[in-house]
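Read the structure below first, then the notes.
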Amino acid sequence: MNIEHIGSFRTRVADDGSLEVWARGWRLESQLYALIPMGIALMFLLAPMSLPMRVVGAGILVGATLFVFRMTKPGLVLTPEAISIVSVIRTQRFPWEQVNGFIGERRHDEARVLMVLEDQRQIPLPGTLDPEELDPYGDEGQMLSAADQLNHLRGVAISGDLPAPVPVAQASAAPARVGDSGESRKDRRREQKELRAALKAVRLPKAGAPSSVPVDEEPDPPRRRRRRSRTEPAPELLEVAIAEPEPVAVRTRREKPATEGLPSYFPTPTYIPQAEYAQMLRDQKAAEKAAAEASAELARLAGLEELAKKEEFSDWTS
């Protein structure tokens, strides 16, 4: 099974050239699970029960076998002409002319991809995803979301660029191994003989044997490294004049021309030292405190004046 992983989905090319698409958890990954109820059905037929009970039990388990086998099919089947949504119960087929695209639907614990048709109907896909898979993920979001991945596969299917199915190699087309037949042994022996003959042709002649090199073309004697004796003077060293390196031109930073005459719409920032700024804050707090005390004193004096007026008025009325 040639299964490839494309983002959140898994794909496989069927024998008819269609592309199967599903996500993890949508289907049973192996069809061997269907053998379990089938084996129990065979055991029911051999159980020491009455014939009607054995037939009924075996029939129920055969239905369970078909249901488990169907659970290995949910997903999408893409062809250049249409898309099929395969669920456990039924299969829905829609031509590409009726499909607008795929969108995501998120909940607090799961997410689902919906297929939108031309008449604005929304067909849910047969499985759910993690909510994070509806967002672009990876380094700088180079991995598309699940809905965008299906939209990309839709474009590939419509353009007809679906991967071709891999043909199954037949046994007759397989290469014959060494030792499987007499012909392969003969070929191997013949190749070994040819290799030995080629090695003998390039082998060097032994001492005393006539050389195959012509007389007028004598081979060059091997070069030996001659050792200098201690009494032999050392060769003189040649004096080489070293010129001074040419100065490298240093690039100076080009100054920007000053723009004169242009009005500035922003105030010029003024730098205030930290100590002076702290003293300004302290003075401001002291002024606010003094103002609060003065207002409290004025309020107290105003209350005393009102009380005195009330006392005078009470004395006059009495």
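Some notes on this structure:
- Normalised contact order of the range 17-159, rounded percent, pairs of Cα under 8 Å and 6 or more residues apart: 20
- By the count of other C-beta atoms within 10 Å, a proxy for reagent exposure, Arg12, Arg27 are ordered fewest to most as Arg12, Arg27.
- Enclosed volume per residue, in Å³, of the convex hull spanned by Cα atoms of the range 1-94: 114
- Computed log₁₀ I(q)/I(0) - Debye formula, equal Cα scatterers, no solvent, the range 4-162, q 0.09, 0.12, 0.15, 0.17 Å⁻¹: -0.39, -0.62, -0.84, -0.99
- Listed peptides 118-125, 186-193 appear in the order 118-125, 186-193 once ranked by packing, highest mean of other Cβ atoms within 10 Å at the front.
Taken together, the values in this text are just the output of simple stated rules run on the coordinates, not laboratory data. Keep in mind that this is a model prediction, so the values were computed, not measured. No Cβ is skipped: glycine too gets one built from the backbone with ideal geometry, and neighbour counts run over all protein chains shown.
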